[in-house]
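Single-structure report; data block below.
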Amino acid sequence: MIETNKNYIRQNIAIKRLDGRTYKDFRKLSVETNLIEKAEGSALVTLGETKVLVGVKMDLGTPFPDSGDVGILMTNAERSPIASPEFESGPPNDDTIELARVVDRGIRESGCIDFHKLCIKEGEKVWMVFVDISILNNDGNLFDAAAAGAISALLTAKIPKLNDNGTVNRSEYDGALVVTDLPIMVTTALINGVMVVDPTADEEEVIEGRVHVTSIEAGICAMQKSGSCEFTEEQIMTAIDNSIAMGKELRKQLKKK
């Protein structure tokens, strides 16, 4: 982005954003599910011009030594150059790893999945739930789009049946993966002293920091700060209030799907 546009965003953010939204406006969110035939669950999320595809795969694995009766969640992200000229091929960089970890934490801390129920034989065999996030187009706020895609894909996920010999039968299913709540992430970014939700790619060029807050029906379940700036208590409370208020609205949309 040219410096003139960056200065315009900084100077006018409290009055008007480039796309005409107020600082509390979320872009239109849409979700399509069950798009990947060979996945156990899948969802395509469109947030403004940002597009994220999430697939869920389930496989057998060995539990961790200190939690032998608990299933395993593995969340991975991929940022392909086709989604943005700023993304590079190769191993995931720090930003990609952070994206996967923040989405993963929101799911875990929400308690929406009882991983004890994914234990097949304590100490020996459990279900592993793989959540794979693919960025198709980046126009900002990958975190909220990826988080919405992850929970939407998990809501559609089915558990494969096991054959008599203990192998996975992917042609039949043993019911749905039980998801008991809808964790919703809402990101609020700091630009020139103003906290704005759902930053676009242009706005992300000038943000000083972000607060990712994940909420469930009962309240806040996870929070993550990124960026080098310091947030005031009032700014943190603004991010929390945004998450609770917009989380309710986005949760209604996902429930309809």
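Every read-out reported here was derived from the displayed coordinates using simple, explicitly stated rules and does not represent laboratory data. Since the model is a prediction, treat every value here as computed from it, not as a measurement. Heads up, the Cβs are rebuilt from the backbone with ideal geometry, glycines too, and the neighbour counts pull from every protein chain shown.
Annotations
- Potential extension, D25-S228 segment - 0.36 nm per residue separation minus Cα distance: 70.6 nm
- In sequence order, calculated HN-Hα J values of segment 182-198 (Karplus, 6.51, -1.76, 1.60; Hz; x Gly/Pro): 10, x, 10, 8, 10, 9, 10, 10, 9, 10, 6, x, 10, 8, 10, 8, 6
- Fully extended contour minus Cα-Cα distance, from K6 to K248, at 0.36 nm per residue: 83.9 nm
- Distance from segment 26-63 to segment 156-215 (C-alpha centre basis), Å: 9
- Between N242, N138, N163, the Gaussian network model of the chain with springs among Cα atoms under 10 angstrom shows the greatest mean-square fluctuation at N163.
- Listed by chain and number, the aspartates and glutamates whose alpha-carbon sits under 13 Å from that of K255, ignoring those within fewer than 8 places in the same chain, are E32, D181, E217.
- Hz values of 3J(HN,Hα) by residue in segment 58-67 - Karplus curve (6.51, -1.76, 1.60), Gly and Pro given as x: 10, 8, 7, x, 9, x, 5, x, 8, 8
- Extension gain (nm, one decimal) between E88 and R108, 0.36 nm per residue minus Cα-Cα: 4.3 nm
- Ranked by how many other beta carbons lie within 10 Å on average, peptides 9-19, 195-205 from highest: 195-205, 9-19
- Computed from the C-beta positions of D174 and A14 and an R0 of 45 Å, the FRET efficiency is 0.25 to the nearest 0.05.
- Loop-located GluC sites (Glu not before Pro) in segment 12-50, at most 16 other Cβ atoms within 10 Å (DSSP): E37, E49
- Rounded to 0.05, the FRET efficiency of the K161 and K38 pair, given R0 = 22 Å and the Cβ-Cβ distance, is 0.90.
- Calculated from backbone phi, Karplus (6.51, -1.76, 1.60) coupling profile of segment 174-179 in Hz, x at Gly/Pro: 10, x, 8, 5, 7, 10
- Annotation: the residues M128, M246, M223, sorted from fewest to most other C-beta atoms within 10 Å of their own C-beta, follow the order M128, M223, M246.
- Peptides 103-114, 164-175 ranked from most to least packed give 103-114, 164-175, packing being the mean of other C-beta atoms within 10 angstrom over each peptide's residues.
- Over the chain, dividing the summed -39,500 (n - 2.57) contributions of all DSSP H runs of at least 4 residues by the number of residues returns a 222 nm mean residue ellipticity of -9000 deg cm²/dmol.
- Answer label for mean projected area of the Cα convex hull in nm² (calculated), chosen among (i) 14.0; (ii) 14.7; (iii) 20.9: (ii)
- Cβ-derived FRET efficiency at R0 22 Å, I220 paired with V194, nearest 0.05: 0.50
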